[in-house]
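The values are calculated or read from the model by the stated rules, or taken from the named source; none is laboratory data. What you see is a predicted model; the values in this text were computed from it and never measured. Note that we place each Cβ from the backbone using ideal geometry, even for glycine, and neighbour counts take in every protein chain shown.
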Amino acid sequence: MSIKLNNTFMGESITKEAFESMAPVLSGAYEKLMKGTGKGSDYLGWLTLPDTYDRDEFAEIKKAAQYIQNHCDIFIVIGIGGSYLGARAAIEFIKSPNYNQLKKNTPDIYFSGNDLSSSSLQELLSLCEGKDVCVNVISKSGTTTEPAISFRIFRNLLESKYGEEGAKERIFVTTDKAKGKLKELADQKGYKTFVVPDDIGGRYSVLSAVGLLPIAAAGIDIDAIMAGASEARKQYASCDLRQNDCCRYAVLRNLLYRQGKEIEILVSYDSAAQKLSEWWKQLFGESEGKEGKGLFPVSVTFSTDLHSLGQMIQQGKRNLFETVLFFKDKQEIVIPFDEQDPDGLNFIAGQTMDYVNEKAFTATAMAHADGGVPNIILEFDGRSAHSFGFIVYFFELACALSAYMLEVNPFDQPGVEAYKDNMYALLGKPGYEDKKQALEARMQNR
Ligand code: PA5
């Protein structure tokens, strides 16, 4: 497995000299990361995780996944942000966006606690009627409102259905090893717990128990995921701008940013990668977007979105570039010949859908590059557990390097607190009385 960076469709945007001039900036960032001397260096656990992960906990994850597979029809995964996006990305990328509809001997998996919509929660509760249910609640802080509400409701459901003892067997908690409300509750109730390592932040945590338990419950080979991530770690173990495509990606996007690009669009040609794109958006958005800096990460699926956003990309404001994930599909659907040719498609009869998709990709990359939207192409073999692990590590490393090149801390998210503080105040959380008064006065003056 490797990810091959293809820069054929970058247009005239970046000269060889400009690219090579970035070598010292990159090696400065790389050294900070590897030596642990940069900002946020308490959160570098993900760097070595593919090789140093806790084998005992890994075995426990597999055991719990087996239990979940044997004891439930529906598995509810409760978490928000980094506490759910990675697992959801893996299940859709490796299995299918239609995972729940597939014929399978693993439970249906639903994600909850990632918004405050009462109708989606109500719908999920109805789906659980008459079914056996297990729950995995995931929160590093153990205090996040959205998952806490969902967990309270599902805990009540499980306790009324199976009794307190029965519910205990069906609730799995992934949180801090020692602190937080969730940890206290888990200890008090005797729930099985998994640990979010201290030195791994939410959006870098998919290869810890945070992601691995739901992924394993879906019947995915988590050894293969870790092997893929470990292979990426080896491949990117030295910072050579000519050979290390992860570093090349970080440098190219940084140069485009310096040239005035403001938006990076992650493009894929397969809807199975949509949630992977959501994971990528959080990773880069929360890591880079601070101190007035950073590329705004967005995502599209082509060719679907060529018929909605294609116009904007081709001819709108020239402040964008695209990073394209391109991989071969496993299926070989051949376009049939039709004697009458009523739809005029006989010119591609006998070709595979994959062939047509590849031509759409090349045609689009050329058109967008010609229209002033540079395309960084990341090519890899296809969708598998191994490639998922590899891709996760590739982007985590590229993201941390990118943030260090911007001179921001890749591992904090101070801006997320602003809405939380306002919400707590408006909801009347103890300790927020003054803020509540100030906010209410503001609202009255509107
Ligand atoms: O990357 C992050 O740290 C965040 O997105 C968190 O994962 C998210 O806010 C959820 O936090 P917690 O796991 O503490 O509930």
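Restricting to the stretch 72-93, give me the number of residues that are in contact with an Asp or Glu (Cβ under 9 Å, 6 or more places away or on another chain) and surrounded by fewer than 24 Cβ atoms within 10 Å (Cβ to Cβ).
5
Here are some residues: I220, I200. Which one is farther than 30 Å from K293 by Cβ, in a loop (DSSP other than H, G, I, E, B) and of a type in the set (V, I, T)?
I220
Let me confirm something: among K281, K290, which residue is surrounded by fewer than 21 Cβ atoms within 10 Å (Cβ to Cβ), over 19 Å from the mean Cα position of the chain (by Cα) and within 14 Å of the ligand (Cβ to nearest atom)?
K290
From the residues in the stretch 241-288 that are of a type in the set (S, T, N, Q) and out of contact with any helix residue (DSSP H, G or I) (no Cβ under 6 Å at 6 or more places or on another chain), which one is modelled with the lowest pLDDT?
Among them, the one singled out is Q243.
Any chance the stretch 171-192 includes a residue that's of a type in the set (S, T, N, Q) and either assigned to a loop (DSSP other than H, G, I, E, B) or more than 14 Å from the ligand (Cβ to nearest atom) (or both)?
Looking through the stretch 171-192, at least one residue is of a type in the set (S, T, N, Q) and either assigned to a loop (DSSP other than H, G, I, E, B) or more than 14 Å from the ligand (Cβ to nearest atom) (or both).
Anything in the stretch 404-423 that is within 16 Å of the ligand (Cβ to nearest atom) and either in a loop (DSSP other than H, G, I, E, B) or aromatic (F, W, Y) (or both)? List them, or say none.
V408, N409, P410, F411, D412, Q413, P414, G415, Y419 - these are the residues of the stretch 404-423 that are within 16 Å of the ligand (Cβ to nearest atom) and either in a loop (DSSP other than H, G, I, E, B) or aromatic (F, W, Y) (or both).
Kindly establish whether S96 is buried (at least 21 other Cβ atoms within 10 Å of the Cβ) and either at positive phi or under 20 Å from the mean Cα position of the chain (by Cα) (or both).
no
Checking the condition out of contact with any Gly (no Cβ under 6 Å at 6 or more places or on another chain) and either in a loop (DSSP other than H, G, I, E, B) or of a type in the set (F, W, Y) (or both), which residue from D343, D354 passes?
Only one candidate qualifies: D343.
Pick from L401, L426, L378, L397: which is farther than 14 Å from G285 by Cβ, away from the ligand (no atom under 16 Å from the Cβ) and loosely packed, with under 15 Cβ neighbours inside 10 Å?
L426
State whether one or more residues within the stretch 249-258 are out of contact with any strand residue (DSSP E or B) (no Cβ under 6 Å at 6 or more places or on another chain), part of a loop (DSSP other than H, G, I, E, B) and more than 16 Å from the ligand (Cβ to nearest atom).
No.
Taking A369, is it in a helix (DSSP H, G or I), at pLDDT 95 or above and among the hydrophobic types (A, V, I, L, M, F, W, C)?
The answer is yes for A369.
Which residue pairs have Cβ atoms closer than 7 Å, lie 6 or more positions apart in sequence or on different chains, and pair a first residue in the stretch 327-340 that is without any contact (Cβ under 8 Å) to a residue 12 or more places away in the chain with a second residue that is surrounded by 12 or more Cβ atoms within 10 Å (Cβ to Cβ)?
D338/N346
How many residues are farther than 23 Å from L256 by Cα and loosely packed, with under 15 Cβ neighbours inside 10 Å when one looks only at the stretch 404-421?
Qualifying residue count for the region: 8.
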